[in-house]
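**Q** Structure below; questions to follow.
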Amino acid sequence: MDTFEDFVSRLREIKQLGHVETHRKGNTGIGKTLEDLLGIEENNIPGPDAVGAELKAMREGSGSLTTLFTKEPPRSERPFWGTKMVNELGYVDDKGRQALKVTIRPNTPNNKGFYLDYDDTSVSVVHEDVGVCATYPLDFLRERFEDKFPQLVMVFADTKRIDGVEHFWYKEAYHLDGFDSDAFLDLMRDGVITLDLRMHLKESGANRNRGTAWRIMDESRLDEAFEDRTPLLDDTELDDIPVTTKPHPVAPEQDTLDGY
DNA sequence: GGTACCTGGAA
DNA sequence: TTTCCAGGTAC
């Protein structure tokens, strides 16, 4: 898969597969399965996934936020962060763990007292009782955006369960190009892009942090941060694939996709 | 073994 | 809309 055209060709082949059994149970199966079908090795590289584009897979109709990337604040800018913050500002979750999993928006405190406070050069995570917990320089975030999102491909899948196992039909895809980091920062200030804390303490007392995540509430607003949006799978002939596909074997390996 | 990333959700 | 949450890996 050396070119973007190859990449789009693969997406079309994957669409023609119809519903594919998930390669991993749970929320993240949709992304893991798509990456497997595309032949992308799982990674935690903070950069574009394939042919210079960041790839996002989403379930159709999910009203949840879309994670753009995770990033901890600079170590030097964390007066009240990590284990201390979870212990003192968190709660006990249903599994009996001390946890702090919250979405934080500008100006208005959430039910745990957190809000974001922007100024000209930075954005701070503020708690109404303890004050500034951490600060991100805006240039620091801008660099993350620019590194990760030279281009973005969003893939939407229909999802259904067959005998209790989730299956995905990757049927829509859009290519966003021409990233504008200033527009991105405007989306942040407007509260369209928010920040999630996703921490809890393990039995050892260590902080299990899935990553402090910058997320967008309505991914269609991403158009404001990219010059161009192009549908990649708008071939209407493909829409004739019945939703109730006959069972097909476990998703083919990458190198067998060429035969489709 | 802990930290910081990746991949994504539901009620 | 807000509150709260998931399975993974590199180093």
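**Q** Got the relative contact order for chain A handy, in percent, Cα pairs under 8 Å and 6 or more residues apart?
**A** Rounded, it is 26 percent for chain A.
**Q** Determine the shape class of region A:121-225: with a ≥ b ≥ c the square roots of the Cα gyration tensor eigenvalues, call it rounded for a/c under 1.5, and otherwise prolate if a/b is greater than b/c, oblate otherwise.
**A** oblate
**Q** What are the radius of gyration and Dmax of region A:61-160, computed over its Cα atoms and given in Å?
**A** 16.0, 46
**Q** Let me ask something else. For helix A:29-38, report the angle its Cα long axis makes with the longest principal axis of the Cα atoms of chain A; keep it between 0 and 90° and round to the nearest 10°.
**A** 50 degrees
**Q** Kindly write out, for region A:166-183 in residue order, the coupling ³J(HN,Hα) from the Karplus curve 6.51 cos²θ - 1.76 cosθ + 1.60 (θ = phi - 60°), rounded to whole Hz, with x marking Gly and Pro.
**A** Result, ordered by residue: 6, 10, 10, 10, 7, 10, 9, 8, 9, 10, 10, 9, x, 5, 10, 5, 5, 5 Hz.
**Q** Per-residue HN-Hα couplings for region A:87-98, Karplus 6.51 cos²θ - 1.76 cosθ + 1.60 at θ = phi - 60°, whole Hz, x for Gly and Pro?
**A** 5, 8, 10, x, 8, 8, 8, 5, 9, x, 8, 6
**Q** Would you please give the residues with an amide H less than 5 Å from that of residue A:132, counting only those at least 5 places away or on a separate chain, with H modeled from the backbone geometry?
**A** A:127
**Q** Okay, next question. Using modelled amide H (1.01 Å from N, peptide plane; none on Pro or chain starts), what sits under 5 Å from the amide H of residue A:151, excluding residues fewer than 5 places away?
**A** For residue A:151, whose amide H was placed from the backbone, the distant partners under 5 Å are A:54.
**Q** Then there is this: What are the ³J(HN,Hα) values, in whole Hz, obtained from phi via the Karplus relation 6.51 cos²θ - 1.76 cosθ + 1.60 with θ = phi - 60°, for each residue of region A:118-130 in sequence order, with x given for Gly and Pro?
**A** 9, 10, 5, 10, 8, 10, 10, 8, 10, 10, 5, 9, 9
**Q** I'd like the distance between the alpha-carbon centres of region A:181-236 and region A:68-126, rounded to an integer number of Å.
**A** When both Cα centres are located, 16 Å separates them.
**Q** Over chain A, what is the percentage of antiparallel beta bridges among all DSSP beta bridges, to the nearest 5?
**A** In chain A, approximately 90 percent of DSSP beta bridges are antiparallel ones.
**Q** Restricting to Cα atoms and excluding each atom paired with itself, what does the Kirkwood estimate give for chain A in Å?
**A** 20.0 Å
**Q** What residue among A:33, A:162, A:207 has its Cα farthest toward the positive end of the dipole of chain A, where the charges are +1 on Lys, Arg and -1 on Asp, Glu, each on the Cβ?
**A** The one lying farthest along the dipole's positive direction is A:207.
**Q** Follow-up question, since we're still on this one. Around residue A:101, which amide H atoms from residues at least 5 apart in sequence, or from another chain, sit under 5 Å from its own amide H, with H modelled in the peptide plane?
**A** Close amide H contacts, sequence-distant or interchain: A:199.
**Q** Let me ask something else. Using just the helices of chain A, give the 222 nm mean residue ellipticity in deg cm²/dmol: DSSP H runs with n ≥ 4 each add -39,500 (n - 2.57), and the total is spread over all residues, rounded to 500.
**A** Taking each H run of at least 4 residues, the total per residue is -5500 deg cm²/dmol.
Read the figures in this text as sums done on the coordinates, not as results from a lab. No experiment lies behind these values; they were computed from the predicted model shown. Neighbour counts run over all protein chains shown; Cβ positions are idealised from the backbone, glycine included.
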